[in-house]
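A.B. asks: First the structure, then my questions, so here it is.
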Amino acid sequence: MPKAPSFSWMIGGPQGSGVDSSATTFARTCASGGLFVFGKREYHSNIKGDHSYFQIRVSEEEIHSHIDEVHLLATFDKETLEIHKQEVVKGGAILYDPTLLKPEEIGRPDCLLVPILYSEIIQATAKEFHREKDLMKLQIMKNVISVATSLGLVGLEFDLLKSTLEGIFKGRRAALAPMNVWAARKAYDYGTQEFQGSYPHRLRHVQVGNGHRRIMITGTTATALGKVVGGCRFQTYYPITPASDESEYLESHPEFGVAVIQSEDEIAAITMAIGAAVTGARASTSTSGPGFSLMAEGLGWAGMNEVPVVVFNYQRAGPSTGLPTRHEQGDLKFALAASHGEFPRLVLAPGDLEEYFYDAIDAFNYAERYQTPVIVLADKALANTTETIPWYDLDGVHIDRGLLLTDEELAVLVASEGRYKRFKFTESGVSPRSLPGQKGGIFWKTGDEHNELGHITEDPDNRTRMMTKRMRKLETAAREIPIEKKVNFFGDRDADITLVSWGSPKGAILDAMELLKGEGIRVNFLQIHLILPFPSEFVAQVLSRARRRVNVEMNYSGQLAQVIREKTGFTMDASILKWNGRAISQNEIVEGVRKVLKEQESKVVLTHGA
Amino acid sequence: MALKVQDYKTDVHNDWCPGCGDFGILNAVQQALAEMQLPPEQVLLFSGVGCFAKTPHFVNTYGCHTLHGRSLPFAVGAKLANPDLTVVSLGGDGDGYGIGAGHFLNTGRRNVDLLYLVFDNGVYGLTKGQASPTLKKDIQTKSLPMPNINDAINPLAVALAAGYTFIARGYAYDGKGLRELIKAGINHRGLALLDVLQPCPTYNTVNTKEWYEGLEMDEATGIKKASAPRLYKLEESGYDPVVHNPADPAEISQKMVQAFQKSQEWEGRIPVGVFYQINLPTYHDRLNDRVAALKRFPAAKMPIYEPSTGTPAADISKALEELRVC
């Protein structure tokens with residue numbers, strides 16, 4: 001049994017038919033009723049027509065993942081029924097269009113089958129609002145009708161839906177609100193009056209205490225807002241799923257003051273960002289695996305020239321085009337080594353939508369403090385997750401520009417040292433940084449090895465020293481960054497099994513831990529948040545006292561486990577892996593842990609998800 | 001105190017071959033900056049990779065020697081982030097028209113206010129003389145095992161089609177003329193291409209200084225004779241490259257056709273000078289129209305925090321309010 005009764009609603013249909021907006025309406029209505037929401041979005045690489053679906057899990061308690069079960073499946077087409085009907089629990093409900101098929105054809109006599117005469121309600125609405133000639137346009141109201149019927153079935157008060165719809169249909173679209181509310185009311189009452197009595201699941205409005213403001217947000221928006229707070233004023237991108245949403249959000253909010261540039265390719269995206277960073281702008285680019293591959297040469301130049309640039313890689317299933325709209329964590333080892341030669345870089349792996357926001361801020365601070373590229377390994381699952389989380393708290397958030405010189409500081413430095421040296425040898429490896437436009441601060445940068453001024457030299461002694469200086473910044477970062485920014489440790493010190501993971505599996509692991517506790521299985525969990533510089537000492541400490549060490553990752557080869565072995569010498573006892581393109585569910589972690597502990601499996605391959 | 005050419009020079013050892021056209025271009029750049037009295041700290045040079053790409057190291061301004069073919073996007077990022085700087089992007093014919101061709105084309109869509117100066121000698125110098133995208137077909141230089149199998153591209157015609165708003169050609173050893181073209185390119189408010197023909201005395205044994213300047217060897221006597229030089233100046237031929245009314249599509253079309261025709265002249269006589277010029281809103285103008293904050297401060301100068309406390313300047317409460325659910 002789940003830790004708290006949680007309810008899972010799914011809507012599916014052809015891509016472009018309004019699945020996303022229905023799901024958002026449903027989720028927002030539940031969230032405005034004080035419920036916690038976790039939404040997972042799946043779609044094909046196609047503009048219109050192929051199957052897509054959205055699953056919304058709702059609970060009175062905090063949740064961080066999706067579950068395999070569906071309690072209510074809302075459909076407009078046969079395909080959704082075919083693909084998802086087996087996911088519906090016994091006693092669950094299926095909403096279907098009776099003009100498309102008969103109830104016995106559905107093949108789930110153990111479920112409550114709710115026929116919705118979409119066209120009848122739409123026609124009635126058109127008549128009521130004298131819009132009979134717009135009948136084709138009004139077909140889009142199927143979405144509102146399915147959401148409203150669902151909410152009627154579970155009995156969540158109608159006013160919440162009403163105000164959600166009024167919030168959606170506002171401004172230029174305000175005229176559409178009364179019509180949608182009217183249709184929603186009809187569908188809601190139909191669900192309540194005809195079917196609620198035969199359906200066991202309920203959602204109720206929960207009062208949220210004062211001072212507990214909540215937002216509902218996606219991963220790409222979380223990152224975008226973090227970048228704004230973190231001072232990013234220059235963002236470049238080349239269109240790619242699932243990263244573009246972030247740049248488009250920034251572009252659609254000019255009030256943030258961010259210059260958003262769509263480049264001709266990812267090579268230009270990263271080099272433009274580096275050019276902007278050279279002049280002192282906090283600059284960033286966001287991409288996914290294929291684009292990140294193209295950025296390798298730019299990363300190397302920024303590393304060689306100590307330019308602070310932030311790159312977000314929303315990983316998706318590779319290699320090559322892979323599964324372009326599906327999830328994977330396959331880029332870890334590539335991110336650690338991308339581009340030829342060696343240079344320092346920081347690699348961050350946020351695991352939830354709070355970390356997406358705060359990591360975006362930290363990424364710029366690290367980039368400027370250590371004057372080197374910072375790569376943030378985001379992923380498709382969280383990019384497209386819709387989740388309720390606490391309002392972002394900005395107390396304690398600060399901007400650290402590192403050794404960026406003011407005009408006065410630069411003048412003093414030039415007066416005392418005679419000449420400004422951009423790549424001055426220092427103990428920390430970090431050199432004071434001037435910006436173009438500053439008098440006395442002239443520098444040269446080059447992809448060639450260079451001396452302290454930035455001029456080319458192939459002198460072997462200089463090479464030894466300059467390489468050491470650059471690489472030393474990684475040691476400085478490892479020393480300075482506090483442990484709470486590097487790792488998160490959950491659970492008791494003593495446990496039957498220690499899960500180690502990075503990025504998005506965090507949510508499913510946390511939710512599963514609670515469940516397993518109920519079964520008497522004690523799990524603790526080490527989330528590695530900063531992967532480079534790697535927190536070797538802490539990880540080794542945790543692993544040395546672990547009874548059973550298990551890595552959980554969304555990739556084929558267990559990349560984090562390899563990194564752990566390289567950095568600490570510890571080998572994992574077992575791994576729980578998944579690479580079918582669908583994010584890990586809470587159920588899968590529970591089952592995976594059971595298999596490792598009870599059946600002594602050393603490699604559990606997860607395969608759930610449609 | 002007035003700035004002198006010397007103020008734009010560094011003492012970095014120059015390792016170009018004797019007689020390299022790069023020297024003429026380097027001198028012209030330094031002289032143009034001096035004549036414009038641009039403070040060295042206000043100038044930011046970018047270059048790609050190749051012999052020419054070492055140029056920023058010889059110029060006493062801010063300089064970035066970047067990646068092969070990528071000088072333009074670096075320069076675009078810098079100029080958009082800080083438009084107060086004078087940004088010059090240096091490219092090579094292999095660098096800018098070959099590996100960097102995508103950037104060459106797409107930068108034309110943006111009319112960013114910068115000068116793109118391309119060192120054009122028809123060969124890849126640092127890798128020992130392979131044919132570049134501007135070497136004419138069937139030419140066989142000493143360094144080529146076989147005659148060039150590819151057709152050459154015409155950078156001026158490509159720039160015209162791509163949307164460059166100032167298109168010019170110079171010659172490395174025409175010091176005064178080149179200086180004037182560099183100044184005009186920098187002064188042009190928008191994206192300027194200046195393609196500079198230059199000899200590579202080591203690898204391009206066909207398009208030599210003698211070839212450009214009409215110093216033909218008399219096979220019988222072995223004496224160089226000055227025949228008519230191949231290069232001629234457009235401005236001296238009564239050519240008017242300027243679109244005087246940028247709102248007039250007919251004039252634009254006429255000036256583009258004329259520039260295209262001029263760009264085709266090669267066999268016999270080769271024109272240098274300004275081929276086409278039009279004043280249009282820059283990319284920065286377009287950006288400022290969208291993002292009001294950028295009008296007050298460009299991205300590089302926008303106050304992002306309170307330095308004494310580190311407190312971020314951005315206020316996202318309105319955005320959070322939009323996302324608020326309870």
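Please treat every number below as a calculation from the coordinates, not as lab data. Since this is a predicted model, take the numbers as computed values, not measurements. Because the Cβ atoms are built from the backbone with ideal geometry, glycine has one as well, and the counts that use them run over all protein chains shown.
A.B. asks: So if I place +1 on the C-beta of Lys and Arg and -1 on the C-beta of Asp and Glu, and nothing else carries charge, what would the dipole magnitude of chain A be about its Cα centre? I want it in debye, nearest 20.
C.D. replies: Here the size comes out at about 200 debye.
A.B. asks: Taking amide H atoms as placed 1.01 Å from N in the peptide plane, list the residues 5 or more away in sequence, or in a different chain, whose amide H sits under 5 Å from that of B:T311.
C.D. replies: Excluding prolines and chain starts, which carry no amide H, the hits are A:I399, B:E306.
A.B. asks: State to the nearest 20 debye the size of the charge dipole of the range B:5-286 about its Cα centre, where the only charges are +1 on K and R beta carbons and -1 on D and E beta carbons.
C.D. replies: 380
A.B. asks: Through the Karplus equation 6.51 cos²θ - 1.76 cosθ + 1.60, θ set to phi - 60°, convert the phi angles of the range B:135-145 into ³J(HN,Hα) values in whole Hz; use x for Gly and Pro.
C.D. replies: My calculation for the range B:135-145 gives 6, 5, 5, 6, 6, 10, 7, 4, 7, 8, x Hz in order.
A.B. asks: Follow-up question, since we're still on this one. From the phi of every residue in the range A:521-531, what ³J(HN,Hα) in whole Hz does the Karplus formula 6.51 cos²θ - 1.76 cosθ + 1.60 yield, where θ is phi - 60° and glycine or proline is x?
C.D. replies: Couplings: 9, 8, 10, 10, 9, 9, 9, 8, 9, 9, 8 Hz.
A.B. asks: Tell me the trypsin sites (Lys or Arg not before Pro) within the range A:244-352 that lie in a loop according to DSSP and have at most 10 other beta-carbon atoms within 10 Å.
C.D. replies: none
A.B. asks: Then there is this: Work out from phi, with θ = phi - 60° and the Karplus expression 6.51 cos²θ - 1.76 cosθ + 1.60, the ³J(HN,Hα) of each residue of the range A:440-453, listed in order in whole Hz, and give x for Gly and Pro.
C.D. replies: In residue order, the calculated couplings are x, x, 3, 9, 10, 10, 7, x, 6, 4, 9, 8, 4, 6 Hz.
A.B. asks: Let me ask another. Let me know the volume per residue of the alpha-carbon convex hull for the protein assembly as shown, in Å³.
C.D. replies: For the protein assembly as shown, the hull spanned by Cα atoms encloses 199 Å³ per residue.
A.B. asks: Also, I was wondering about something else. Tell me, what are the semi-axes, in whole angstrom and largest first, of the equivalent ellipsoid of the range A:6-198 as set by the roots of 5 times the Cα gyration tensor eigenvalues?
C.D. replies: 23, 20, 17
A.B. asks: Give a quick list of trypsin sites (Lys or Arg not before Pro) in the range B:1-63 that DSSP marks as loop, anything other than H, G, I, E or B, with at most 12 other Cβ atoms within 10 Å.
C.D. replies: In loop regions of the range B:1-63 (DSSP not H, G, I, E or B), the sparsely surrounded trypsin sites (Lys or Arg not before Pro) are B:K4.
A.B. asks: For A:A74, list long-range residues whose amide hydrogen, built 1.01 Å from N in the peptide plane, is under 5 Å from its own amide hydrogen.
C.D. replies: A:M10, A:I11, A:G12, A:L95
A.B. asks: How many percent of DSSP beta bridges within chain B run antiparallel, rounded to 5?
C.D. replies: Here the antiparallel bridges make up roughly 30 percent for chain B.
A.B. asks: When a/c reaches 1.5 or more, the comparison of a/b and b/c decides; with that in mind, is the range A:216-390 rounded, prolate or oblate per its Cα gyration tensor?
C.D. replies: Rounded, because the longest to shortest axis ratio a/c is under 1.5.
A.B. asks: Check the straight Cα-Cα distances from B:K9 and name the aspartates and glutamates below 16 Å, setting aside those fewer than 8 residues away within the same chain.
C.D. replies: B:D22, B:E35, B:E41
A.B. asks: Another one. Using label points projected 7 Å from each Cα along Cα→Cβ, tell me how many nm separate B:K176 and B:R189, to one decimal.
C.D. replies: 3.0
A.B. asks: Let me ask something else about it. How big is the convex hull of the Cα atoms of chain B, per residue, in Å³?
C.D. replies: 195
A.B. asks: Could you work out how far the C-alpha centroid of the range A:44-63 sits from that of the range B:1-55, in angstrom?
C.D. replies: 58
A.B. asks: What is the set of long-range amide H partners of A:R214 at a cut-off below 5 Å, with H atoms built 1.01 Å from backbone N?
C.D. replies: Sorted by chain and number, the residues that satisfy this are A:W391, B:V325, B:C326.
A.B. asks: Give B:K54/B:K128; A:K227/A:K421; A:K380/A:K517; A:K517/A:K603; A:K78/A:K133 a once-over and call out the pairs whose C-alpha atoms are over 26 Å from each other.
C.D. replies: As for pairs spanning more than 26 Å Cα to Cα, those are A:K227/A:K421; A:K380/A:K517; A:K78/A:K133.
A.B. asks: Could you work out the mean count of beta carbons from other protein chains within 10 Å of each residue's beta carbon in A:263-269?
C.D. replies: Partner-chain Cβ atoms within 10 Å, mean over residues of A:263-269: 6.
A.B. asks: Can I ask one more? Helix-only estimate, please: 222 nm mean residue ellipticity of chain A, summing -39500 (n - 2.57) across DSSP H runs of length 4 or more and dividing by its residues, to the nearest 500.
C.D. replies: The per-residue figure over chain A is -11500 deg cm²/dmol.
A.B. asks: Taking square-rooted eigenvalues a ≥ b ≥ c of the alpha carbon gyration tensor, is the range B:1-125 rounded, prolate or oblate, where a/c under 1.5 means rounded and, failing that, a/b exceeding b/c means prolate?
C.D. replies: Verdict is oblate for the range B:1-125.
A.B. asks: Projected onto the charge dipole of the range A:486-606 (+1 at Lys/Arg Cβ, -1 at Asp/Glu Cβ, origin at the Cα centre), which of A:L526, A:I584, A:G569 gives the Cα projection farthest towards the positive end?
C.D. replies: Toward the positive end, the furthest listed residue is A:G569.
A.B. asks: Give the residue from A:P308, A:I375, A:G330 lying farthest towards the positive end of the charge dipole for the range A:296-378; charges sit on Cβ (+1 for Lys and Arg, -1 for Asp and Glu) and the dipole is referred to the Cα centre.
C.D. replies: A:G330
A.B. asks: Sticking with this structure for a sec: Excluding residues on the same chain fewer than 8 positions from B:K225, give the lysines whose Cα lies under 23 Å from its Cα.
C.D. replies: List returned: B:K142, B:K209, B:K233.
A.B. asks: Cα centroids of the range B:298-319 and the range A:9-30: how far apart, whole angstrom?
C.D. replies: Between the Cα centres of the range B:298-319 and the range A:9-30 lies a distance of 36 Å.
A.B. asks: So which lysines can A:K170 reach, going by Cα to Cα under 17 Å and dropping same-chain residues fewer than 8 places off?
C.D. replies: Straight-distance partners of A:K170: A:K162, B:K318.
A.B. asks: For the pair A:F489 and A:Q86, how long in nm is the line joining their label points, each one 7 Å along Cα→Cβ?
C.D. replies: 4.3
A.B. asks: As an exercise, identify the GluC sites (Glu not before Pro) in the range B:176-236 lying in DSSP coil whose Cβ has no more than 11 other Cβ atoms within 10 Å.
C.D. replies: Counting only loop positions with at most 11 other Cβ atoms within 10 Å, the GluC sites (Glu not before Pro) in the range B:176-236 are B:E219.
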